[in-house]
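The structure appears below as structure tokens.
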2 protein chains.
Amino acid sequence: MLDELAVVLFRPKFPENVGSAARACLNMGVDKLILVAPQNFDLDKARPLATAHAKHVLEGARIVDTLPEALEGFTAVFGTTARTGGWRKGIMSPSTLAGVIDERLRSGGRVAIVFGPEDKGLTNEETSLCSGLMTIPTSREGTSLNLAQAVVVVLYECFKKALDKPFTPGGPPEERPTTVQEQEALFANLQESLLAIDFLKDDNPDYWMLPVRRFFSKINLKRNEFNLLMGVCRQIQWFVRAHGPKGTQDR
Amino acid sequence: MLDELAVVLFRPKFPENVGSAARACLNMGVDKLILVAPQNFDLDKARPLATAHAKHVLEGARIVDTLPEALEGFTAVFGTTARTGGWRKGIMSPSTLAGVIDERLRSGGRVAIVFGPEDKGLTNEETSLCSGLMTIPTSREGTSLNLAQAVVVVLYECFKKALDKPFTPGGPPEERPTTVQEQEALFANLQESLLAIDFLKDDNPDYWMLPVRRFFSKINLKRNEFNLLMGVCRQIQWFVRAHGPKGTQDR
């Protein structure tokens, strides 16, 4: 059903939760599970929670060392967070996220949803790799959901959206969505270009890039648009090299 | 939040699931948990799954012998079932049920949702005591949800409905969308900037702008993003004036 949707568990702490998450995946039509550096992982502890039905989801889970490795080949990545304060703006509700994911999947995308470890959640380092963030509404008294419970709620919303298939009119095939790798290449190129024209401050360009990243992440960037933006960056850099002050030319 | 909503677990088999259900109740603003003849019940096995936060929900759970006893004083009772065949018609989805429950609660009702044992679910004897039945949509391959997972999905829908306004996660209010006038001002500014760095051909810039316009038009551009992009244009133009060739400076 949700063939091109994957659940990524980042450093999960309890194998039992991994088992429960595998079962939740199966319930909601997802069969791609990726574990990033799982802690204390033990298939024998995870298996009973997955039940016989979801054994193949659990045992077929890909285990990798780093999040970038896990995200290779995906066209959009969404992170889950319980922390909604600070700079974490534009955080989606599960049903909003499900709508966005549905759209991405229908346009041929491959989507990953990343869940952080039970105790700490995702840090800024991991969420910076995400195209968008989502949080599950909770009561004030109990803001922390069990990991597998968070998985089932989010997938349930995605499954509901996938169930109704509205009419999609014909027309020329859309350009394919860009991969996360292409998006990162574009961000690097944008950063370089905006530094070259002194739009970004030299002291902490990563920080000043955040609004730019946020802006381009919300767009389901297609390959032709990627080419367009890369072309603009190339031209800015060419211009600076050709005409800029000496110091800039050496950058 | 959902003060007059109660979760009734009918003959639950695993104390761990009771603990997880207690935690799910707390997450979704429900603090009334009723256990009907729990099997193998052991608070010590349930407690870790409830976590310290939901300890009071678990320990405050009322334990009774029969379902009629559990349902005393409620104004509406809804049962959950995975079996949707046969005579079990008019079974609601979780969101439909949540709407019905919301209405009942707002009109001063006291509502119970009954979940059956892990292996068998509710029998006709128990569902005959219910004002309505609900089932959670699942994939064909995995129709059986874990008990506490079923609890969290159903309560999540109720909690969403109970939040007066649709749930919007924390953070500053969204920026207003840009007007068509602002978008045109941005396009003019972008064209000027892209001409200045020779990205657009001088002979027919309007034509070469088309893909750029198309790209920015598909975005629901917000005011802060407009400001960001206008800032980039300003900087490009400043850079060209400061460092560009003579001819460009006069443009």
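Structure notes:
- Overall form of the stretch B:5-162 per C-alpha gyration tensor (a/c, 1.5; a/b vs b/c): rounded
- The stretch A:1-62: C-alpha gyration tensor shape, a/c 1.5 cut-off, then a/b vs b/c: oblate
- Residue list for the stretch A:231-246, given a label point 7 angstrom along the Cα-to-Cβ vector of B:Asp198 and an amide N cut-off under 14 Å: A:234-244
- Shielding of peptide A:217-226 by partners, expressed as the average count of other chain Cβ atoms within 10 Å per residue Cβ, is 2.
- Across the identical copies, how the B:Leu129 labels are spaced - nm, sorted shortest first, 7 Å along Cα→Cβ: 5.0
- Karplus 3J(HN,Hα) series, Hz, for the stretch B:210-215 with 6.51 cos²θ - 1.76 cosθ + 1.60 (x for Gly, Pro): 3, x, 5, 4, 4, 4
- Averaged over the residues of A:28-41, the number of partner chain Cβ atoms lying within 10 Å of the residue Cβ comes to 1.
- Inter-chain Cβ neighbour average for residues B:130-140, partner chain, 10 Å: 3
- Ranked packing of B:90-99, B:203-212, most packed first, by mean Cβ within 10 Å: B:90-99, B:203-212
- Considering every alpha-carbon pair of the protein assembly as shown, the percent of pairs per 20 Å bin, from zero through the bin containing the longest distance, is 21, 46, 24, 8, 0.
- Taking the three principal axes of the alpha carbon atoms in the stretch A:180-249, the coordinate ranges are 38, 25, 16 Å, sorted in descending order.
- Long-range amide H partners of A:Ser139 with built H, under 5 Å: B:Met28, B:Gly29
- Dipole-positive endmost among B:Met134, B:Ile34, B:Ala112 within the stretch B:5-162 (Cβ charges, Cα centre): B:Met134
- Of B:Lys201, B:Lys45, A:Lys32, the sequence from fewest to most neighbouring Cβ atoms within 10 angstrom is B:Lys201, B:Lys45, A:Lys32.
- Annotation: amide H of B:Met134 within the under-5 Å range of B:Gly79, B:Thr80, B:Thr81, B:Met92, sequence separation 5 or more or interchain, hydrogens built in the peptide plane.
- Phi angles across the stretch A:49-59 convert, under the Karplus curve 6.51 cos²θ - 1.76 cosθ + 1.60 with θ = phi - 60°, into 3J(HN,Hα) values of 6, 6, 6, 4, 4, 9, 3, 5, 5, 5, 6 Hz, Gly and Pro given as x.
- Mean-position separation - Cα centroids, the stretch B:176-206 and the stretch B:36-77, in angstrom: 64
- Members of A:Lys32/A:Lys222; A:Lys120/A:Lys201; A:Lys160/B:Lys161 lying beyond 28 Å, as alpha-carbon distances in this model show: A:Lys120/A:Lys201
- When chain B is described by a simple charge dipole with +1 on each Lys and Arg Cβ and -1 on each Asp and Glu Cβ, the residue from B:Met209, B:Ala50, B:Gly79 located farthest towards its positive end is B:Met209.
- Label geometry 7 Å along the beta-carbon vector: B:Ile219 inter-copy distances in nm: 0.5
- Distances between copies at B:Asp202, taken between label points 7 Å from Cα along the C-beta direction, are 3.4 nm in increasing order.
- Couplings 3J(HN,Hα) of the stretch B:66-71, computed from phi: 10, 5, x, 4, 4, 8 Hz, in residue order, whole Hz [Karplus 6.51 cos²θ - 1.76 cosθ + 1.60, θ = phi - 60°; x for Gly and Pro].
Laboratory data are not the source of any read-out in this text; all were calculated from the coordinates shown. Small disclaimer: the values here were computed from a predicted structure and weren't measured. Every residue, glycine as well, gets a Cβ built from its backbone with ideal geometry; the counts of neighbours run over all protein chains shown.
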